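> If you scroll down you'll find the structure; I have some questions about it.
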Amino acid sequence: MSTIQLTRLFSKQINTVGLVIGQHSLAEGVLAGLTGLGVRIPEELSVVIIGEPTWASFLPWTFTTIERPLERIGEMAARLLLN
């Protein structure tokens, strides 16, 4: 999400209370953009990140992460294909 897209999202009259970032590798840029707009996390916006960014523990914010067990997903996909 670009800073322009984030600005549009927060300039609308819609009360945005949460944001789900579908890929942890994109989260760094989105969080930087939100910070640049002055959005206070988690006071003004709750953030959920799908994936487990290793850099998350260095941030002063609290947000939720959703684990993606890629090895388990791969095993299940292989079993389905073999069956």
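The values are calculated or read from the model by the stated rules, or taken from the named source; none is laboratory data. Please read these numbers as outputs of a predicted model, since none were measured by experiment. Positions of Cβ are backbone-derived with ideal geometry, glycine not excepted, and every protein chain shown enters the neighbour counts. The area values use the complete protein model at the heavy-atom level, side chains included, leaving out ligands, DNA and RNA. Shrake-Rupley method; radii C 1.70, N 1.55, O 1.52, S 1.80 Å.
> Please go through segment 74-83 and pick out each residue that is open to solvent by 90 Å² or more (accessible area, probe 1.4 Å), assigned to a helix (DSSP H, G or I) and not basic (K, R). Break it down into steps so the answer makes sense when it comes.
Step one: filter segment 74-83 for residues open to solvent by 90 Å² or more (accessible area, probe 1.4 Å), giving 76, 79-83.
Now restrict to residues that are assigned to a helix (DSSP H, G or I): 76, 79-82.
Passing the criteria: M76, L80, L81, L82.
> Could you list, ordered by first residue, the pairs with Cβ atoms under 7 Å in which the first is in segment 20-46 and under 12 Å from W61 (Cα atoms) and the second is among the hydroxyl-bearing types (S, T, Y), at least 6 apart or interchain?
Short answer, once both residue conditions are applied: P42/T62; L45/T16.
> Just checking, which of E71, E28, E43 is outside any loop (DSSP other than H, G, I, E, B), surrounded by fewer than 11 Cβ atoms within 10 Å (Cβ to Cβ) and modelled with pLDDT of 80 or more?
Testing whether each residue is outside any loop (DSSP other than H, G, I, E, B), surrounded by fewer than 11 Cβ atoms within 10 Å (Cβ to Cβ) and modelled with pLDDT of 80 or more leaves just E71.
> Then there's this: Scan segment 47-56 and give yes if some residue there is open to solvent by 70 Å² or more (accessible area, probe 1.4 Å), free of Cβ contacts under 8 Å to residues at least 40 places away in the same chain and touching a helix residue (DSSP H, G or I) at 6+ places or on another chain (Cβ under 8 Å), otherwise no.
Looking for residues that are open to solvent by 70 Å² or more (accessible area, probe 1.4 Å), free of Cβ contacts under 8 Å to residues at least 40 places away in the same chain and touching a helix residue (DSSP H, G or I) at 6+ places or on another chain (Cβ under 8 Å), one finds at least one in segment 47-56, hence yes.
> A follow-up question, please. Output the residue which, of all residues in segment 1-21 that are open to solvent by less than 50 Å² (accessible area, probe 1.4 Å) and within 17 Å of T64 (Cα to Cα), is modelled with the lowest pLDDT.
Within segment 1-21, the match that is modelled with the lowest pLDDT is T16.
> Here's another thing I want to ask about it. Which residues, taken from segment 46-68, are touching a Pro at 6+ places or on another chain (Cβ under 6 Å) and assigned to a helix (DSSP H, G or I)? Give the derivation first.
Of segment 46-68, the ones touching a Pro at 6+ places or on another chain (Cβ under 6 Å) are 62.
Scanning segment 46-68 gives no hits.
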